[in-house]
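The values are calculated or read from the model by the stated rules, or taken from the named source; none is laboratory data. Small disclaimer: the values here were computed from a predicted structure and weren't measured. Every residue, glycine as well, gets a Cβ built from its backbone with ideal geometry; the counts of neighbours run over all protein chains shown.
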Amino acid sequence: MAKLDALFSAAKAIQEKAYAPYSRFKVGAAIATPSGQIFSGCNVENAAYPVGTCAEAGAIAAMVAAGENRIAAIVVMGEGEHLVTPCGGCRQRIREFAQPQTPIHVAGPEGIRKSFTLDELLPFSFGPDNLADR
Ligand code: THU
């Protein structure tokens, strides 16, 4: 699938840009929006460790800065043999801009390793609708 290939390539390219001198664990994330645009981000660590940011947060910030606010699909690319699924905080960040069935593709350098829906990774989630209910 051409679109997924482009998303995979964007995640791989931005992963190399990661600033991860402390964990030495580089992550790249690439978001496709319904309009077909791609936004990517990498993790940016800090000497004050908790201040570091995840790749997904960077990709979301780039998307919002460009005036878009819907995630059609996302690829997250980490290092090592394990599945680098988005951390808990990033699942919630993705939730803000995605739908339950939005695909989250977890990749390694060789390709997509496993695909999930947002609802699989963050079931019974809290989101904007909860606040609209009041
Ligand atoms: N990291 C991400 O960028 N995204 C994730 O979903 C998992 C973890 C980063 C944060 C930190 O810079 C490094 O990976 C090690 O935890």
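If you go through segment 82-99 and pick out every residue that is within 9 Å of the ligand (Cβ to nearest atom) and among the basic types (Lys, Arg), you end up with 1.
The one condition from (1) assigned to a loop (DSSP other than H, G, I, E, B); (2) away from the ligand (no atom under 11 Å from the Cβ); (3) among the acidic types (Asp, Glu) that residue 79 does not meet is (2). If the condition is being of a type in the set (Gly, Ala, Ser), within 11 Å of the ligand (Cβ to nearest atom) and under 12 Å from the mean Cα position of the chain (by Cα), then segment 12-42 contributes 28, 29, 41. Determine whether residue 60 is part of a loop (DSSP other than H, G, I, E, B), of a type in the set (Val, Ile, Thr) and closer than 24 Å to residue 127 by Cβ. Here the answer is no, as residue 60 does not meet what is asked.
The helices (runs of 4 or more DSSP H) found entirely in segment 85-134 that carry 3 or more residues being at pLDDT 95 or above and more than 24 Å from residue 67 (Cα to Cα) are 118-121. Just one residue in the set 66, 62, 55, 47 is touching a strand residue (DSSP E or B) at 6+ places or on another chain (Cβ under 6 Å), surrounded by fewer than 20 Cβ atoms within 10 Å (Cβ to Cβ) and without any contact (Cβ under 8 Å) to a residue 60 or more places away in the chain; that residue is 62.
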